[in-house]
Amino acid sequence: MSVGTRPGPTRIVRHIPRLVAAAVAALVLSACGGGTDGTASKPSQEAGAGSAAFPVTVEHKYGSTTIESEPKKVVTLGLSDQDAVLALGVKPVGSVDWFKEQPYGKWPWTKDLWGSTPPQIVGERDEYNMEKIAALQPDLIVAQYSGMKKEQYDTLSKIAKVVAQPKGHEDYQAPWQVMTEQIGKALGKEGETGKLIAGIDARFKAVRDEHPEWKGLTVTVGEPYEPGKFSAFSPKDPKVIFLSEMGFTTSEKYRAALGKENIADLSSERLDVMEADRTVWLGTPDTEKAMKADPLYKKTKVHQEKRDLFLPYDSPDIGAALSFNTVLSIPYAIDQVVPMLEAIK
C-alpha cells in the first residue's frame, strides 16, 4: 500500500517548474508602484461593510496574517478556494489548475460568476509559478485547500499577505466550513460567510430529515486509476465528508486503511477495504464498465447486491462537485447525487 496527500483526481499529475526566489524578488520590487488595472476584482455590494471590518488577523498553519485593508486583487492557490472567494463577490485575478478545466467557467456552479474574465493560471496543484503571481501584484493570496510548504509560504509572503492552510488539520482535510470561514475573514466578509455556511448546512439537514434511513450506513469512496489498482479517499476528504453530512459514516476497517493520509493506493486484492453499505466510485465514463469486468470486483458483496454507485468526474460534473465540496458546488452535488442514492435499495 502506498499513501499520500493527492486530493484527486489521481489521473492528473503534472507540474509547473518553480521559479527562483531571486526572480520573484525582482518582480516584487518592480510591482511596488502598484495600482489597479482592468483585472482587479469588482467589490461586492457590501464593500463598505467589508472595509469597516479591517484590520483582521487570520491564524493558519504557518502563524498568523494581519490584513490591514480590504483586498482588491486576490490570488487563490488552494485547489477549490476560488469558489468561496467568488461566492463572496470577489473574482480572483489568479488561480491554480486542477482538473485541466481551462478556461475557467467550465463548472456549472461557477460559470456565471467567472463570466468572460477567467483568472490567470499561476500553477498546478501545489506547484506555483511565483513569477506569474508576483506579476499580478495581488494584495492577498489564499491557500486553504492546498499542500503549501513553509518555504513556499515564505516566498509568497514577500509578494503579498498570505493566508495558508487552517491550523490543526492535515493538508486537504480541513472541513469546508473552516476553509470558508478563513476566506471570509480574510476578505472582511464574516457576516456574508456565516449566511452562506448556514444555507448549505440547511440543505444537508433537509437531506438527513428526508432520509433518516441513511443515518449510520457505512460508505466508502474510491477511484480506479489503472487495471488492478485503485485509490481510497480519507474519511476527512471532501468527497467522503459530503456523504457524511447526509448521515453516512465510515467503517473502522476503512479508517484504519487510510490512517492520517488523504489517499491510500491499493491493489484489487484489498477490495475488502471498500466493502460498505454504499460504495462510491469516481472516474471516467468507462470506469463502471472496467470495474464490473474485474474478476475480483465481481466477488465483492457491494457489487453483487448492487449497492455501488459510479460517478463521473465530468460530463456530468458530479465527481468534480464532490471533490470541490464548496459553498457553490455542494448544492449542485446534492441535486445530482441524492436521486442516485435513492435508487439504491
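Say whether the condition of being among the charged types (D, E, K, R), in a loop (DSSP other than H, G, I, E, B) and not assigned by TED's automatic domain parsing to the domain that holds residue 238 is met by at least one residue in region 121-135. There is at least one residue in region 121-135 that is among the charged types (D, E, K, R), in a loop (DSSP other than H, G, I, E, B) and not assigned by TED's automatic domain parsing to the domain that holds residue 238. Summed over region 311-335, the residues that are free of Cβ contacts under 8 Å to residues at least 24 places away in the same chain and either under 19 Å from residue 196 (Cβ atoms) or in contact with a strand residue (DSSP E or B) (Cβ under 8 Å, 6 or more places away or on another chain) (or both) give a count of 2. For region 202-243, residues that are of a type in the set (Ser, Thr, Tyr) and closer than 22 Å to residue 285 by Cβ total 3.
Taking residues in region 50-74 that are under 20 Å from residue 152 (Cβ atoms), and partners anywhere that are part of a loop (DSSP other than H, G, I, E, B) and among the aromatic types (Phe, Trp, Tyr), the pairs with Cβ atoms closer than 9 Å and at least 6 places apart or on different chains are 67/54. Just so you know, in region 33-59 the residues that are farther than 19 Å from residue 162 by Cβ and charged (D, E, K, R) include one that is modelled with the lowest pLDDT, and it is 37. Looking at region 138-163 only, could you name the residues that are out of contact with any Leu (no Cβ under 9 Å at 6 or more places or on another chain) and either outside the structural domain of residue 68 (by TED's automatic domain parsing) or farther than 14 Å from residue 96 by Cβ (or both)? If the condition is that a residue be out of contact with any Leu (no Cβ under 9 Å at 6 or more places or on another chain) and either outside the structural domain of residue 68 (by TED's automatic domain parsing) or farther than 14 Å from residue 96 by Cβ (or both), then 139, 149, 150, 151, 153, 154, 155, 157, 158 are the ones that fit. Among the residues making up region 179-192, those that are under 15 Å from residue 328 (Cα atoms) and either under 17 Å from the mean Cα position of the chain (by Cα) or surrounded by fewer than 14 Cβ atoms within 10 Å (Cβ to Cβ) (or both) are 179, 180, 181, 183, 184.
Restricted to region 60-109, and to residues there that are at pLDDT below 95 and of a type in the set (D, E, K, R), the residue that is surrounded by the fewest Cβ atoms within 10 Å (Cβ to Cβ) is 100. For the residues 229, 236, the requirement of being touching a helix residue (DSSP H, G or I) at 6+ places or on another chain (Cβ under 9 Å) and in contact (Cβ under 8 Å) with a residue 60 or more places away in the chain singles out 236.
Restricting attention to region 159-168, the residues that are loosely packed, with under 15 Cβ neighbours inside 10 Å and either of a type in the set (Asp, Glu) or in contact (Cβ under 8 Å) with a residue 40 or more places away in the chain (or both) total 1.
Checking each residue in region 278-292 for being under 20 Å from residue 99 (Cβ atoms) and in contact with a helix residue (DSSP H, G or I) (Cβ under 8 Å, 6 or more places away or on another chain) picks out 280, 281, 282, 283.
The values are calculated or read from the model by the stated rules, or taken from the named source; none is laboratory data. Since the structure is predicted, the reported quantities are computational estimates derived from the model, not experimental observations. Every residue, glycine as well, gets a Cβ built from its backbone with ideal geometry; the counts of neighbours run over all protein chains shown.
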